[in-house]
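The values are calculated or read from the model by the stated rules, or taken from the named source; none is laboratory data. The model shown is predicted, which means the values in this text are computed figures rather than measured ones. Note that each Cβ is placed from the backbone with ideal geometry, even for glycine, and that neighbours are counted across all protein chains shown. For the accessible areas, the whole protein counts, side chains as well, though only heavy atoms, and no ligand, DNA or RNA atoms are used. Shrake-Rupley method; radii C 1.70, N 1.55, O 1.52, S 1.80 Å.
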Amino acid sequence: MAAEENWDDIPQNGEAHEEEEMIRICVNWAGLLEPVDVSPLTTVDELAGFIFSASECAVPEHKLFIFKGMLLPVDAMLCDVRVSDGSVLHLVLNDDPYQGRPLFVKCEAGDLKTVFCGADFYIEDVKEELSCFPDQMPP
């Protein structure tokens, strides 16, 4: 006779057992490894919220992770992308989508100015930004 199954022991609708297994992963940032104990059911977005790496220069929304050469989706659970005990995730920061990447320009007076260029900027857009500097001739 087959063993009786206990349906109370099977998680329902994604619920985990109370004794949730934790895994230890490492986050690589600037050549330093930060060990982190997490649940395999943690999302990538949640992980970005509680790691200490790059906290001084980036908010969690700008922290992305690369694992085995692939950029991890922020809504994916670690178990879904095959992150397991001992895995190393590489932390990368994305640019502020509203600010863009900095372009440093030295004006004729020798002052260094910063223009933030978005991904959709053309050279005309950069020239327009440069013409907004006070006491400077337009390019």
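In table form, for the structure just shown:
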| item | result |
| --- | --- |
| Counted residues, the stretch 24-43 - those being open to solvent by less than 70 Å² (accessible area, probe 1.4 Å) and of a type in the set (D, E, K, R) | 1 |
| Candidates Glu46, Glu56, Glu61 - the one that is part of a loop (DSSP other than H, G, I, E, B), among the acidic types (Asp, Glu) and either in contact (Cβ under 8 Å) with a residue 60 or more places away in the chain or open to solvent by 80 Å² or more (accessible area, probe 1.4 Å) (or both) | Glu56 |
| Any hit, the stretch 82-92, residues being out of contact with any His (no Cβ under 7 Å at 6 or more places or on another chain), at pLDDT 75 or above, open to solvent by 60 Å² or more (accessible area, probe 1.4 Å) and assigned to a helix (DSSP H, G or I) | no |
